[in-house]
Amino acid sequence: MFFENNIGESEWSPNGEQIAFHKYTTKEIKNNPVSEIFVIDADGTDLRQLTNIQFPFDGAFSPTWSPDGEQVAYGASKYFDDHAIVILDADGTDSRQVVATKGWYPSPNWSPDGKKIALHDNLEIYVMNADGSDNTQLTFNDDKDFSPSWSPDSKQIAFQSDRDGDMKIYVMNADGSNVISTNQIGYSPAFKP
């Protein structure tokens, strides 16, 4: 199978001792390869599968750690259908869907203060409380806005958008105000810690 063992997005745990990532497995749902979330120690030992994706979902993507390292949020996909943000404890227990989404794989990103999660949904940027409540749309346009990333002080969000024709990096306040283009072409922005 083409996807088997392909590794996707990864993220260091806050203490720098583990890495969360998604990868395709040999499991299939409705003839589609299934991506699961894994965690491995930084030295390459103790590989653990955190998720066990079940129908109607067919994949888990874009893991992001809570700032205290106690939880992992990820995007759960339904093939060409609605998606969701799911949060589970870092040991793989207590999995719970916190919000449903309509667009591409939602790619959640936890704020450094632990209070919010940014995500893209239907090619717009949203922010919600970490428990899934108060899901608020921040961008409003016909262009593609995605891959939100928080500033270290949780006051700004960087994201990528094609609103100027090319895929460029933008920055805005965490409430969606004061959107500024950096005029830099790029993908998946991240603030320097």
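The values are calculated or read from the model by the stated rules, or taken from the named source; none is laboratory data. What you see is a predicted model; the values in this text were computed from it and never measured. Note that we place each Cβ from the backbone using ideal geometry, even for glycine, and neighbour counts take in every protein chain shown.
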**Selection within region 143-155 - at negative phi and either touching a Pro at 6+ places or on another chain (Cβ under 6 Å) or modelled with pLDDT of 90 or more (or both)** = D143, K144, D145, P148, S149, W150, S151, P152, D153, K155
**Message:** The conditions are (1) of a type in the set (S, T, Y); (2) surrounded by fewer than 22 Cβ atoms within 10 Å (Cβ to Cβ); (3) at pLDDT 90 or above, and Y187 fails exactly one of them. Which is it?
**Reply:** (3)
**Fill in**
S62: passes all of (1) on the phi > 0 side of the Ramachandran plot; (2) surrounded by fewer than 23 Cβ atoms within 10 Å (Cβ to Cβ); (3) not charged (D, E, K, R) but (2)
**Message:** Just checking: which of the strands (runs of 3 or more DSSP E) contained wholly in region 86-184 hold 2 or more residues that are under 16 Å from the mean Cα position of the chain (by Cα) and surrounded by 14 or more Cβ atoms within 10 Å (Cβ to Cβ)?
**Reply:** 96-101, 116-121, 124-129, 145-150, 156-161
